[in-house]
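J.: Just dropping this structure here.
The values are calculated or read from the model by the stated rules, or taken from the named source; none is laboratory data. Please read these numbers as outputs of a predicted model, since none were measured by experiment. With ideal geometry, Cβ positions are generated from the backbone for all residues, glycine too; neighbour counts draw on all protein chains shown. Each accessible area value is taken on the protein alone, full model and side chains, heavy atoms only, with ligands, DNA and RNA left out. Shrake-Rupley method; radii C 1.70, N 1.55, O 1.52, S 1.80 Å.
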Amino acid sequence: MTKPLNRLLEAQPTTIFTVMSALARQYDAVNLGQGFPDTEGPQDMVRVAADALLDGQNQYAPLTGLPELRQAVADSNARFQGLTINPDSEVIVTSGATEALAISLMALIEPGDEVVLIEPLYDTYLPMVRQLGGIPKLVRLEHPDWTLPRDALANAFSARTKAILLNTPMNPTGKVFTQEELTFIADLLKQYDAYAVCDEVYEHLTFGAPHISLMALPDMRERCIRIGSAGKSFSLTGWKVGYVTAPVSLATVIAKAHQNLVFATAPNLQRAVAYGLNKDTHYFQGLAADLAHKRTILSDGLRSVGLEVLPCHGSYFVMADITPLAQGEEDVAFAPRLTREAGVTTIPASAFYDASNGAPPTHLLRFAFCKQEAILQEAISRIRAWRDRT
């Protein structure tokens with residue numbers, strides 16, 4: 001008998017995104033499950049990337065990223081969050097925000113360290129923390145308003161807390177944490193001498209609620225790791241270019257983790273992202289306005305077929321209560337049925353919860369609205385037709 005493989009990875013199931021997307025292909029469904037745009041990003045950025053392939057600079061980029069991209073990240077921090085960042089020592093370019101998350105956690109966590117996470121949460125957070133030997137301490141937002149339970153959050157902190165992993169704007173809820181909520185978190189970090197890994201990939205995708213980086217709050221500059229994503233900011237998710245902003249004491253260690261995993265990211269894409277980050281502020285405002293319009297189209301449409309739509313102030317996603325249409329079915333059964341019978345694919349929200357923290361809600365689905373308007377309208381038409389014939 002052969003020796004066992006890594007038990008944590010071996011036990012990890014196929015992601016719900018893979019399962020639902022396969023079902024969408026099988027039934028030729030409108031796929032509102034996976035969160036990526038169905039249109040290309042800015043063509044001027046694509047041209048910069050294409051031209052950069054032909055200028056004889058296709059070897060390894062510097063470990064922490066091309067100087068022009070690190071400068072652009074620092075300038076973006078100053079423009080949008082009022083942060084003064086040293087591009088030479090406090091910025092690391094990564095192969096996507098997922099790698100940025102991994103190396104940031106690697107730099108912080110040793111076996112036995114506790115990490116506070118907020119449910120519902122992005123599906124890679126828990127496996128990453130557990131793979132590093134961290135102990136997750138889960139706190140659950142209260143729906144339907146996604147209220148932060150402050151007593152529960154305070155109780156999750158202890159002398160063993162190394163960090164909180166904070167996602168705002170939040171996937172899958174669309175919640176944008178307020179300054180008051182962030183101040184409460186900041187006070188806990190100071191009280192327990194802990195760090196924050198701030199997943200801010202949707203920083204430019206907010207609707208009527210400003211995105212405030214925890215790093216920009218008083219006394220938080222040295223405790224925070226801030227993660228951004230070119231894929232989300234420019235609708236170029238396949239490029240997998242992310243960036244970490246952190247104080248030099250943290251960035252030095254994060255860079256060592258990056259060196260061991262990836263070392264460097266494609267230089268032509270880095271040059272194009274530097275160009276993109278230097279775009280006029282009107283570009284970022286237009287991106288948010290376009291997605292806000294699509295959120296409204298989908299949300300109004302879901303309400304028109306009888307679903308209750310929960311608050312959403314950012315990201316690509318909105319959650320809806322399926323109770324009026326599900327006839328008692330839970331989300332993990334209703335979502336496949338909606339694909340098979342209505343031709344619309346979503347993600348059951350219970351996939352964003354961990355059973356170790358109690359039974360998850362089973363009456364919610366996540367819908368992605370980062371699609372063409374005609375696609376969103378078609379999805380609503382299909383759900384309405386299915387409802388009317390069942």
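J.: Can you find even one residue in region 241-263 that is surrounded by fewer than 22 Cβ atoms within 10 Å (Cβ to Cβ) and under 16 Å from the mean Cα position of the chain (by Cα)?
T.: No - not one qualifying residue is present in region 241-263.
J.: Determine which single condition residue 210 fails, assuming it passes every other condition in (1) surrounded by fewer than 18 Cβ atoms within 10 Å (Cβ to Cβ); (2) under 20 Å from residue 163 (Cβ atoms); (3) in contact (Cβ under 8 Å) with a residue 12 or more places away in the chain.
T.: (2) is the only condition that residue 210 fails.
J.: For region 355-374, name all the residues that are open to solvent by 60 Å² or more (accessible area, probe 1.4 Å) and not in a loop (DSSP other than H, G, I, E, B).
T.: Hits for region 355-374 are 355, 356, 373, 374.
J.: OK, next. Among 217, 189, 165, which is in contact with a helix residue (DSSP H, G or I) (Cβ under 6 Å, 6 or more places away or on another chain) and surrounded by 23 or more Cβ atoms within 10 Å (Cβ to Cβ)?
T.: Testing whether each residue is in contact with a helix residue (DSSP H, G or I) (Cβ under 6 Å, 6 or more places away or on another chain) and surrounded by 23 or more Cβ atoms within 10 Å (Cβ to Cβ) leaves just 165.
J.: Something else: Please go through region 190-240 and pick out each residue that is more than 15 Å from the chain's Cα centre (by Cα) and among the hydroxyl-bearing types (Ser, Thr, Tyr).
T.: Once the filter is applied, which keeps residues that are more than 15 Å from the chain's Cα centre (by Cα) and among the hydroxyl-bearing types (Ser, Thr, Tyr), region 190-240 yields 192, 195.
Matching residues to (1) in contact with a strand residue (DSSP E or B) (Cβ under 8 Å, 6 or more places away or on another chain); (2) more than 16 Å from residue 228 (Cα to Cα); (3) open to solvent by 40 Å² or more (accessible area, probe 1.4 Å); (4) among the β-branched types (Val, Ile, Thr):
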site	(1), (2), (3), (4)
23	yes, yes, no, no
41	no, yes, no, no
47	no, yes, yes, no
90	yes, no, no, no
93	yes, no, no, yes
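J.: Pairs, please: C-beta under 7 Å, at least 6 apart or cross-chain, first residue aromatic (Phe, Trp, Tyr) and in region 323-347, second surrounded by 15 or more Cβ atoms within 10 Å (Cβ to Cβ)?
T.: Close Cβ pairs (under 7 Å, with a partner that is surrounded by 15 or more Cβ atoms within 10 Å (Cβ to Cβ)) amount to 334/322; 334/326.
J.: Applying the selection to region 358-376, what residues are among the basic types (Lys, Arg) and touching an Asp or Glu at 6+ places or on another chain (Cβ under 8 Å)?
T.: 371 - this is the single residue of region 358-376 that is among the basic types (Lys, Arg) and touching an Asp or Glu at 6+ places or on another chain (Cβ under 8 Å).
J.: Just the residues that are within 17 Å of residue 314 (Cβ to Cβ) and of a type in the set (D, E, K, R), please, taken from region 202-234.
T.: Scanning region 202-234 gives 203, 226, 232.
J.: Still on this model: Quick check: is even one residue across region 194-202 more than 24 Å from residue 284 (Cα to Cα) and open to solvent by less than 30 Å² (accessible area, probe 1.4 Å)?
T.: Yes: region 194-202 contains one or more residues that are more than 24 Å from residue 284 (Cα to Cα) and open to solvent by less than 30 Å² (accessible area, probe 1.4 Å).
J.: Conditions first: (1) surrounded by 16 or more Cβ atoms within 10 Å (Cβ to Cβ); (2) over 17 Å from the mean Cα position of the chain (by Cα); (3) under 17 Å from residue 123 (Cα atoms); (4) hydrophobic (A, V, I, L, M, F, W, C). Residue 379 passes all but one, so which condition is the exception?
T.: Tallying (1) surrounded by 16 or more Cβ atoms within 10 Å (Cβ to Cβ); (2) over 17 Å from the mean Cα position of the chain (by Cα); (3) under 17 Å from residue 123 (Cα atoms); (4) hydrophobic (A, V, I, L, M, F, W, C), residue 379 fails exactly one: (3).
J.: Further question: I want to confirm something. Restricting to region 122-162 and keeping residues that are of a type in the set (Ser, Thr, Tyr), in a loop (DSSP other than H, G, I, E, B) and open to solvent by 30 Å² or more (accessible area, probe 1.4 Å), which single residue is nearest to residue 261 (Cα to Cα)?
T.: Across region 122-162, the extreme among qualifying residues is 124.
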